[in-house]
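**Q** Following this message is one structure expressed as structure tokens.
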Amino acid sequence: MEYSARNGVNILEVDMRSTLNHGRPTTPSFAKSRVHSAMDAAMPSATSPQTAREIWSQLYPVEFDVRSMKHLLDGDNHAMRDDLRHFMATNKLFRPQYDISIHQERELALQRLSAICNAPPHAHATARRFISVRDFETNPLRIFAAHEIAGLADGSMATKMTVQFNLFGGTVLRLGVKGVNYDDAFLSDIDSLRAIGCFGLTELGYGNNAVEMETTAKYDQESRQLVIHTPSIRAQKYWITNSAIHAQFCVVFAQLVDGAGMQQGVHAVLVRIRDHLTMHPANGVVIHDMGHKMGCNGVDNGKLSFFNVSVPAKQALLRKYSRFDEGEHKNGRFVSTVRGTRERFLKVADQLLSGRLCIASMMLGTCKLALTIAVQYAATRLCVSSGAHAGKSEMPILAYQLQRNALAPMAARVVACNVALEYCKRRWAALLVRSDEAKVWREAVVLCCAIKPLVTWTAEE
């Protein structure tokens, strides 16, 4: 947005003075407006897109502080945002690549994400330079900021980022118990991509009705293992990002069945799906690559099936809210601090809310990029002039009200989405400490569910 503001000044303000008498719009076929007159005087030097930009800047000098506008729209984590922008702009890995195979596209997306995750930290820095799963505990807005800037470069990379850090890493961090389900070393492996994960929620037969999923996790009281099983084709985990090629772990959502055969609702289980050395599927795990898609082919979507895969119940069941009592004098009785199977599902799927903010953030970055390209192009695309140099290609199409009327509403909508998303992110972060209070947390649920489609629809347009 900074470049477009500097060269296509204040496109939010349509120049109504370029309208003729009798309400007819100013076009070359009618008469010259003030804009055309000014352009006539300057156009003799408009021999290239670069000089066209310079002329446009002279005709429409900046009437506001561009840096202040950028600071306002960025909203938070300004130093990290600028650092990540510069990092991607100066790293050859982020240059556009065309006509590459799906295998190359997938590896490129992973390499780009790895470059961000493993960028050398600045001197004396103690945290990851751009993004860490631990940011959910220390600075959750930083997670969203990284997604917005990533959306400027590569949609596939940004999608892999949101699954790795939010859906997979965030779920392990927020639903797991440190020292049982994970340790600091595992979180560091998530940050560095040494441990790549995926999020096994959606099933072929259960999309937005995941609470009715079929995959089961049955507790074997004798072995104290959970047995993960896919009972039908409809129960395949479907369109799972990172699963086809790169993921070694999966947070598998399944209907938990206790030792007495009672169903206790959907819970999250951490399952290794590939050998860490060979990357071959683990015993009982079947992975199918879902192949080419309409877009974002750098994302390796897959479908997963589990055939009686056994995992240690104590370590695998993410146990912040539910567990099996185990010990010398305990019989593996199921214990949960959340009453009701539907309430348990909403708890374990809670990371979907921050996921909506991550997706909205990356799509906001896409919106800004598209708008910047459109304004820059309009300010430099020369068309036939109607003034003193009639017949010459010297008139930027941004000089025409028709072009401004097409761009100004979109610019206004992007700014509005930016402001709305900033509010939603801050409210979600503020309410996070009270996420166990259903009535209070409902506000965050509504905001997250509303802002994602608003931003993504804007990006589509």
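**Q** Between HIS229, HIS147, which is open to solvent by 40 Å² or more (accessible area, probe 1.4 Å), at pLDDT 95 or above and not basic (Lys, Arg)?
**A** Just a single option satisfies the conditions, and that option is HIS229.
**Q** Condition first: surrounded by fewer than 13 Cβ atoms within 10 Å (Cβ to Cβ) and either under 17 Å from the mean Cα position of the chain (by Cα) or among the small types (Gly, Ala, Ser) (or both). Now tell me which residues in the stretch 112-131 satisfy that.
**A** Within the stretch 112-131, ALA123, ALA125 meet the criteria.
**Q** With the checklist (1) surrounded by fewer than 19 Cβ atoms within 10 Å (Cβ to Cβ); (2) part of a helix (DSSP H, G or I) in hand, flag the one item CYS448 doesn't pass.
**A** Among (1) surrounded by fewer than 19 Cβ atoms within 10 Å (Cβ to Cβ); (2) part of a helix (DSSP H, G or I), CYS448 violates only (1).
**Q** Name the single residue, out of those in the stretch 168-180 being open to solvent by less than 30 Å² (accessible area, probe 1.4 Å) and either in contact (Cβ under 8 Å) with a residue 60 or more places away in the chain or under 21 Å from ALA115 (Cβ atoms) (or both), that is farthest from the chain's Cα centre (by Cα).
**A** GLY176
**Q** Then there is this: Mind checking which residues of the stretch 409-437 are farther than 18 Å from ASN139 by Cα, free of Cβ contacts under 8 Å to residues at least 24 places away in the same chain and open to solvent by 70 Å² or more (accessible area, probe 1.4 Å)?
**A** Within the stretch 409-437, PRO409, VAL419, ASP436, GLU437 qualify.
**Q** Collect the residues in the stretch 237-276 that are open to solvent by 20 Å² or more (accessible area, probe 1.4 Å), outside any loop (DSSP other than H, G, I, E, B) and closer than 30 Å to GLU105 by Cα, keeping them in residue-number order.
**A** Listed by number, the residues that qualify are TYR238, TRP239, PHE249, LEU270, ARG272.
Every residue, every condition in (1) under 23 Å from ASP183 (Cβ atoms); (2) among the polar types (S, T, N, Q); (3) at pLDDT below 95, yes or no:
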{"residue": "ASP289", "(1), (2), (3)": "no, no, no"}
{"residue": "VAL299", "(1), (2), (3)": "no, no, no"}
{"residue": "LEU304", "(1), (2), (3)": "no, no, no"}
{"residue": "PHE307", "(1), (2), (3)": "no, no, no"}
{"residue": "LYS314", "(1), (2), (3)": "yes, no, yes"}
{"residue": "LEU318", "(1), (2), (3)": "yes, no, no"}
{"residue": "HIS329", "(1), (2), (3)": "no, no, yes"}
{"residue": "GLY332", "(1), (2), (3)": "no, no, yes"}
{"residue": "VAL338", "(1), (2), (3)": "no, no, yes"}
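**Q** Run down ARG194, ARG234 and say which single residue is in a helix (DSSP H, G or I) and basic (Lys, Arg).
**A** Testing whether each residue is in a helix (DSSP H, G or I) and basic (Lys, Arg) leaves just ARG234.
**Q** So, one more: When you go through (1) at pLDDT below 95; (2) of a type in the set (S, T, N, Q); (3) assigned to a helix (DSSP H, G or I) one by one for SER188, which number turns out not to apply?
**A** (1)
**Q** When the residues of the stretch 280-305 are filtered to those that are open to solvent by 60 Å² or more (accessible area, probe 1.4 Å) and not in a strand (DSSP E or B), which remaining residue is farthest from PHE249 (Cα to Cα)?
**A** MET294
**Q** Consider GLN97 against the criteria (1) over 21 Å from GLY197 (Cα atoms); (2) touching a helix residue (DSSP H, G or I) at 6+ places or on another chain (Cβ under 8 Å); (3) open to solvent by less than 60 Å² (accessible area, probe 1.4 Å): it satisfies all of them except one. Which criterion is unmet?
**A** Only one criterion is unmet by GLN97, namely (3).
The values are calculated or read from the model by the stated rules, or taken from the named source; none is laboratory data. In this text the structure is predicted, and so the values were computed from the model without any measurement. Neighbour counts run over all protein chains shown; Cβ positions are idealised from the backbone, glycine included. For the accessible areas, the whole protein counts, side chains as well, though only heavy atoms, and no ligand, DNA or RNA atoms are used. Shrake-Rupley method; radii C 1.70, N 1.55, O 1.52, S 1.80 Å.
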